[in-house]
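**Student:** Pasting a structure here, questions to come.
The values are calculated or read from the model by the stated rules, or taken from the named source; none is laboratory data. Note that the structure is predicted; figures quoted are calculated from it, not measured. Using ideal geometry, Cβ is built from the backbone for each residue, glycine included, and neighbour counts are taken over all protein chains shown. Accessible surface areas use protein heavy atoms only, side chains included; no ligands, DNA or RNA. Shrake-Rupley method; radii C 1.70, N 1.55, O 1.52, S 1.80 Å.
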Amino acid sequence: ISNFETAARMQTAVPEALDLSREDQATRKLYGLDQPETAEYGTRCLVARRLVERGVRFVQLFMAGQPWDTHSNNAASLKGLCKRTDQPSAALIKDLKRRGLLEDTLVVWGGEFGRTPFREGRTSKSQILGRDHYPDCFTIMMAGGGVKGGFQFGETDEMGFAGVKDKVHVHDLQATIMHLLGIDHERLTYRYAGRDFRLTDVHGEVVKE
């Protein structure tokens, strides 16, 4: 019965949580809801802030239509994607901060891989140049939740081909995120096939810097 009651409360809370008409014009403008380029992603970011305000513990945002695949026309596509996401992303962080929510909210902005610093080999000459998947170098932005602000960590070579300073493996990133959430990544393990598996496989160091 308790589970049913919890589910019912979650469902009945949705209309109010998603009612953006309750937001003033200054807030709507901050997120770019007044501009066609930023309105869609800005709406998602504003909804995210409203959910965090109401105690939702995990919120994940995507762009409508998943337009991020830039195997072709990479340069022009990235400019458009950045225009759609830049203002709303900054607005979310600013809004969380001014409401006293950022220090308890970890914002992670990124993807699962980078893009090659050179033309994708399978792109034909007739197509506009694209970029392939590239796991060796990519960027993650983090804010709030105990993250040190105002600096960058790690560097690549001048081509963006290889990491040359303060390299962070994906397992290190995962360990660091869990640390910021108050979770010790080395304690959550289970024994299988003769080794202790954990959420970061058997690797991962917290990037304390």
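**Student:** Where in segment 108-209 are there chymotrypsin sites (Phe, Trp or Tyr not before Pro) that are in a DSSP coil and have at most 15 other Cβ atoms within 10 angstrom of their Cβ?
**Tutor:** Answer by residue number: Phe113, Phe118, Phe151, Phe153, Phe161.
**Student:** For segment 1-99, what is the charge dipole size about the Cα centre, in debye to the nearest 20, if Lys and Arg each add +1 at the Cβ and Asp and Glu each add -1 at the Cβ?
**Tutor:** 340 debye
**Student:** Something else: On a full-extension model of 0.36 nm per residue, what is the gain between Val147 and Ala193, subtracting their alpha-carbon distance, rounded to one decimal in nm?
**Tutor:** 13.0 nm
**Student:** A further question follows. log₁₀ I(q)/I(0) of segment 54-161 at q = 0.14, 0.20, 0.21 Å⁻¹, via Debye over equal Cα point scatterers, no solvent, to two decimals?
**Tutor:** Listed by q, the Debye log ratios stand at -0.71, -1.19, -1.26.
**Student:** Right, here's the next one. In Å², what does the accessible area per residue of the chain work out to with a 1.4 Å probe?
**Tutor:** With all protein chains present, the chain gives 69 Å² per residue.
**Student:** What helices does the chain hold that run 20 Å or longer along their axis, going by alpha-carbon atoms, with a Kyte-Doolittle average of -1.0 or more, using DSSP H for the helix calls? Walk me through the numbers before you get to the answer.
**Tutor:** On the way: long enough: 2-17 (22 Å, -0.39); 39-53 (21 Å, -0.05); 74-98 (35 Å, -0.54).
For the chain, where a helix must reach 20 Å along its axis and average at least -1.0, the hits are 2-17, 39-53, 74-98.
**Student:** Follow-up. How large are Rg and Dmax for the chain when calculated on the C-alpha trace, in angstrom?
**Tutor:** 20.2, 63
**Student:** Let me ask another. Give the distance, in whole Å, between the Cα centre of segment 89-168 and the Cα centre of segment 14-76.
**Tutor:** 19 Å
**Student:** Could you calculate the contour length gain from Phe161 to Glu23, that is, 0.36 nm times the residue separation minus the distance between their Cα atoms, to one decimal place in nm?
**Tutor:** Between Phe161 and Glu23, full extension yields 45.3 nm more.
**Student:** Grab the DSSP H runs of the chain that are 4 residues or longer, score each as -39,500 (n - 2.57), total them, divide by all residues and round the 222 nm result to the nearest 500 deg cm²/dmol. Please list the in-between numbers first.
**Tutor:** Numbers: 5 runs with 73 residues, N = 209.
It lands at -11500 deg cm²/dmol.
**Student:** Which FRET efficiency value, to the nearest 0.05, is calculated for Val14 and Ala39 with the Förster distance at 22 angstrom and r the Cβ-Cβ distance? It would help to have the intermediate numbers written out before the result.
**Tutor:** Working: r = 21 Å, r/R0 = 0.96.
The value I calculate is 0.55.
**Student:** Another one. Run through segment 6-93 and list the trypsin sites (Lys or Arg not before Pro) located in a DSSP loop whose Cβ has at most 16 other Cβ atoms within 10 Å.
**Tutor:** Sparse-neighbourhood loop trypsin sites (Lys or Arg not before Pro): Arg54, Arg57.
**Student:** Please identify, among Thr156, Thr116, Thr12, the residue showing maximal mean-square fluctuation in a Gaussian network model of the chain using a 10 angstrom Cα cutoff.
**Tutor:** Its mean-square fluctuation being the largest, the pick is Thr12.
**Student:** Mind listing the Cα extents of segment 9-105 along all three principal axes, in Å, largest one first?
**Tutor:** 45, 27, 27
**Student:** Work through the residues other than Val164 whose Cβ is under 14 Å from its Cβ and net out their charges, Lys, Arg +1 and Asp, Glu -1.
**Tutor:** That sum, taken over residues with Cβ under 14 Å, equals -3.
**Student:** Right, another one. Which entries in Lys79/Lys165; Lys97/Lys208; Lys79/Lys208; Lys29/Lys208 show an alpha-carbon gap greater than 31 Å?
**Tutor:** Lys79/Lys208; Lys29/Lys208
**Student:** What residues have an amide H closer than 5 Å to that of Cys137, excluding those fewer than 5 places away on the same chain, when H is modeled at 1.01 Å from N in the peptide plane?
**Tutor:** Gly114
**Student:** What dipole magnitude, in Debye to the nearest 20, does segment 16-73 give about its Cα centre under +1 on Lys/Arg Cβ and -1 on Asp/Glu Cβ?
**Tutor:** Computed about the Cα centre, the dipole is about 240 debye.
**Student:** Say R0 is 25 Å: what FRET efficiency, to the nearest 0.05, do Asn3 and Val56 get from their beta-carbon distance?
**Tutor:** 0.90
**Student:** Let me ask you something else. What FRET efficiency do you get for Cys82 and Tyr134 if R0 is 25 Å and r is their Cβ-Cβ distance, rounded to the nearest 0.05?
**Tutor:** Efficiency computed from Cβ-Cβ geometry: 0.85.
**Student:** Another question, if that's okay. How large is the dipole of the chain about the Cα centre if only Lys and Arg carry +1 and Asp and Glu carry -1, each at its Cβ, rounded to the nearest 20 debye?
**Tutor:** Roughly 320 debye for the chain.
**Student:** Among Met63, Leu180, Phe113, whose Cα lies farthest out toward the positive end of the dipole of the chain, if unit charges sit on the beta carbon of Lys, Arg (+1) and Asp, Glu (-1)?
**Tutor:** Toward the positive end, the furthest listed residue is Met63.
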